[in-house]
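Asks: Okay, here's the structure, questions in a sec.
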Amino acid sequence: MWWGVAAALLANVFISCGFVLEKRALSALPELSVKRPARLVRVLLSSPLWLAGCLSLGLGFAAQLVCYRTLPLAAAQGILVSGLVLLILLSSRFLGERLSVREMAGVGAILASLAMIVLSLDSEADTVSKSAPAGRFLLIALPSLAAGVWLYLAAELRARRRHRIPTTGIAYGVGVGFLYGVSSLTIKGVSGLVSGPDPLGTAADLLASPYPYTLLFTGAAGLVMSQAALQRCRASLIVPVCTTANCLHAVAAGTFVFGEPLPDDAPRLLLRLGGIALAVSVLLALPRHDEPAPGTGTEAEPGSGAGPGEGPVRDGTPEPGPVRALGPAPGTAPAPGSAAGPGPPREPAALPPTPVPTPDRGGPAS
């Protein structure tokens, strides 16, 4: 069982490094879109740095096979969540993504949750399931895949609206997280079918199961969707949201699909559930918005580019503001001692008409 803990920690190293390498590569690539998947894959394959990140992720998924084979699914997911600690540190060091106070506090809390989950393990009492009925697996996998794709496409449509709220990455992360949650269940199922002595029998069992086909779909769709989302959002923002959805889905659905019981005794049960709840709560509490840069308030600053009659610039469009008067209103005399501003010469004001003399007013009679 302790080999499973070591494999989970090694998977965290490979996966976190893979995400950072891919993010560095994506920052130098042209904009990617899920509407052109062939172009997206072609652009990605042309980047050696991205290929290195993809290889690192592949090694991480291979380490997960060992983890799922030797640990209960709930415990494995709780340890894999701790990879967020390394991801945040690497993102700060190599991607220049700033760590907030809340993110630093989250790192310590996730380490505490990791310790709680490890203390809840018992190699003699814990049951590790090796297989699941195909019908029960598909009952969970197919709706989850449909929900993940729908959430992602809905986020794409909202992001393309002209007057939109700035994208936070939550919808992208939840959509990709549903796909990765199904992928975690698939890897768990594959790990139970893999056996060394009979490779031909193992291959036949795999082809007869739904696991290779769901793994192929989640791998292809997850590649296209995750890379487009990772290019648009911070790695330290999109990955925690994705990890949260993945963990919740895998623990809730996996317990039903594989039928792995929770610990019987109360202390280990509290440690197991408390550690998972703490890790998930930390991920949900992480900030979802980048802090605004200094000098980007809601009011226009001098030199901000807003001209007369324009308010603050939001989403690239200046909002209407109060019109600034350039001089005195027409027909108004300038204040004493003030200099007349530039402009066309004004005509002198018309004098009132001279009254005509009449006998009543003492004038000569006509």
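The values are calculated or read from the model by the stated rules, or taken from the named source; none is laboratory data. Because the structure is a prediction, the values reported are computed rather than measured. Using ideal geometry, Cβ is built from the backbone for each residue, glycine included, and neighbour counts are taken over all protein chains shown. When the accessible area is computed, the model is the full protein with side chains, heavy atoms only, and any ligands, DNA or RNA have been set aside. Shrake-Rupley method; radii C 1.70, N 1.55, O 1.52, S 1.80 Å.
Asks: Share of region 58-216's accessible area from carbon and sulfur, percent, 1.4 Å?
Replies: Within region 58-216, the accessible surface is 68 percent carbon and sulfur.
Asks: Can you work out the accessible area per residue across region 1-124, with the rest of the protein chains kept in place, probe 1.4 Å, in square angstrom?
Replies: Accessible area per residue, region 1-124: 47 Å².
Asks: Once the principal axes of the Cα atoms of region 183-223 are found, what is the range along each, listed largest first in whole angstroms?
Replies: Cα extents, longest axis first: 32, 15, 13 Å.
Asks: Another question, then. Count charges around Met116 for me, please; just the other residues with Cβ under 11 Å from its Cβ, Lys/Arg as +1, Asp/Glu as -1.
Replies: +2
Asks: Sort out for me the Cα centre separation of region 212-278 from region 174-199, rounded to whole Å.
Replies: Each part's Cα centre sits 12 Å from the other's.
Asks: Applying the Karplus parametrisation 6.51 cos²θ - 1.76 cosθ + 1.60 with θ = phi - 60° to the phi angles of region 206-222, what ³J(HN,Hα) value in whole Hz is obtained for each residue in order, glycine and proline being reported as x?
Replies: Each residue of region 206-222 in turn: 5, 5, 7, 9, x, 5, x, 6, 5, 5, 5, 5, 5, x, 6, 5, x Hz.
Asks: Ok, one more. What does the net charge come to around Ala74 if you take all other residues with beta carbon closer than 13 Å to its beta carbon, with K and R at +1 and D and E at -1?
Replies: Once positives and negatives cancel, what remains is +1.
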